[in-house]
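Written below as structure tokens is the structure these notes are about.
The values are calculated or read from the model by the stated rules, or taken from the named source; none is laboratory data. Since the model is a prediction, treat every value here as computed from it, not as a measurement. Cβ placement follows ideal geometry from the backbone for every residue including glycine, while neighbour counts extend to all protein chains displayed.
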Amino acid sequence: MSFRKFGQNDIVLNTMRAYPLTEFTIYNSKVYYSNTPHHASTLGTSSAQNNILSITSSVSGGISLYEYNVDRAGTYIIPADESPIFNRSDGGPTTTYTDLFSGSNLMINPYITKDSAGASFKTAGMVSYQNEFKYGDVIQMNYPLTASLTRELMTPTPGLRRDTYNTEPDPPTLEQVGSGSAVYPHFYALKNRLNHYRYLSEHYAVSSSIKGGWDKATEPLNVLYVPSIFYGSKISEGSLVMQLYITGTLAAELRDSKHNGELIQFSGSDNGYAKAHDGQVAGVVMYNEGIILLTGSWALDATTLPLVDGAGGTKVRPQWLYWGAGANDGINGDTISDVTFANAAFSLKFNGMTETQVQTMFAKAQRGQVNYSNNPTFIQYGQDELEVTGAQLYVENPVRKLKNFTSSSFATYNGPFTRQVYISRVCIYDDNKNLLGVATLADPVLKEDDQDYTFKLKLDI
């Protein structure tokens, strides 16, 4: 083994940018991520248990980080006295610790005990940690950690506030608008960012006077939230496509064809409803935040469907305001009472943008170097390793010969001896010769003494 230092230009840092495709399909109150089907659990029939990945209580598709708690049920709770109690999420009675060993197969939960080290989870704030927990208390978190597409319908008035002294009913009626807490706090969180993006398009503005004017605070909003784990740094401009299907036929779709965040409608069928609004802006997309706001309130089809809440009593014509009904918005299999809800399906596609820092290292094996092998068969067999040894003297054999394995075109004959080795791995060390990593070649490379080799090593950091 021989050590070599990296030269000035042998280590390169760069950024690899990729644009992965993400696709969501919403049908009959379930979300499907990248066309992945829902796999049923074997542990129950309730909506909280019939997804093998336990992604959400509404059984919607997405990502389960590290896929913890596959095919498990219930919630594991450790009280402050450290005597475990299992609280089933299916509404069943709590059980004792012995049930864990009798086939309960409950959820695994991380926990930590408060002690003098001060260790805790990030979800437990400093004030809560100091005031609400005493030493010896057990602090918990929940697995699995999941992410999925979610929808929030802000109707009839996104800017609605409760009365300062009277919070009933919830949400309040228009006559009870006051200066209290916001009914839709996410709207107030988005206002400044929406106005910030006015330089891209006037349609981001919360209120505007162009083309008849609008005020997003007083008009219904359909808001879609895409977690950043699905797109990386941001949603790629010009890549987003939203489609709405009625009984399997494409009614209309939205595209940000101008690359400025405007979602412009293109109809998929000449039904007289959607076609009349082709070219209109039905909403905007916030690329950096992964948020889509839909405001289009025109009918896209003559069919009336229970897209408001899944119940047969309230039926509306399909609109962009109802796009994604059933996407983690409270409409699920337990609340749907009208089978015609399944006549509508929704599709969302976009390219994200991910940036990965890559370190590239060029390990060079130059001519005249790297010509010794650690393989014991490198030395010709049968030679004495020591020449002299004694109480005061230890001398190795200085004339040991290397094995000549130079190939020849003649049988039972080796060619003239040349120094050569087979390189099978490259090891990376720090300044103190601590091993940092090993790159192993799929097939060892033959290096002769008059050859130069450069090995390219790449590491994502």
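Taken together, the residues in region 407-461 that are closer than 18 Å to residue 369 by Cβ, surrounded by fewer than 12 Cβ atoms within 10 Å (Cβ to Cβ) and among the hydrophobic types (A, V, I, L, M, F, W, C) amount to 0. Would you check if there is a residue in region 278-294 being among the β-branched types (Val, Ile, Thr), more than 29 Å from the chain's Cα centre (by Cα) and within 30 Å of residue 199 (Cα to Cα)? Checked against the condition, which is being among the β-branched types (Val, Ile, Thr), more than 29 Å from the chain's Cα centre (by Cα) and within 30 Å of residue 199 (Cα to Cα), region 278-294 yields at least one hit. When every residue of region 258-277 is checked against the conditions, at least one turns out to be farther than 25 Å from residue 158 by Cβ, acidic (Asp, Glu) and surrounded by fewer than 20 Cβ atoms within 10 Å (Cβ to Cβ). Count of region 210-249 residues, restricted to those that are surrounded by fewer than 16 Cβ atoms within 10 Å (Cβ to Cβ) and under 23 Å from residue 318 (Cα atoms), is 5.
Here is a yes/no grid of residues against (1) of a type in the set (Ser, Thr, Tyr); (2) at pLDDT below 70; (3) farther than 30 Å from residue 461 by Cβ; (4) assigned to a strand (DSSP E or B):
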residue	(1), (2), (3), (4)
15	yes, no, no, yes
38	no, no, yes, no
42	yes, no, yes, no
50	no, yes, yes, no
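Based on what the data block shows, is residue 297 in contact (Cβ under 8 Å) with a residue 60 or more places away in the chain, within 25 Å of residue 197 (Cα to Cα) and surrounded by fewer than 15 Cβ atoms within 10 Å (Cβ to Cβ)? Criteria met by residue 297. Scanning region 382-421 for residues that are modelled with pLDDT of 80 or more, assigned to a loop (DSSP other than H, G, I, E, B) and more than 23 Å from residue 445 (Cα to Cα) yields 382, 383, 384, 385, 390, 391, 392, 393, 397, 398, 399, 400.
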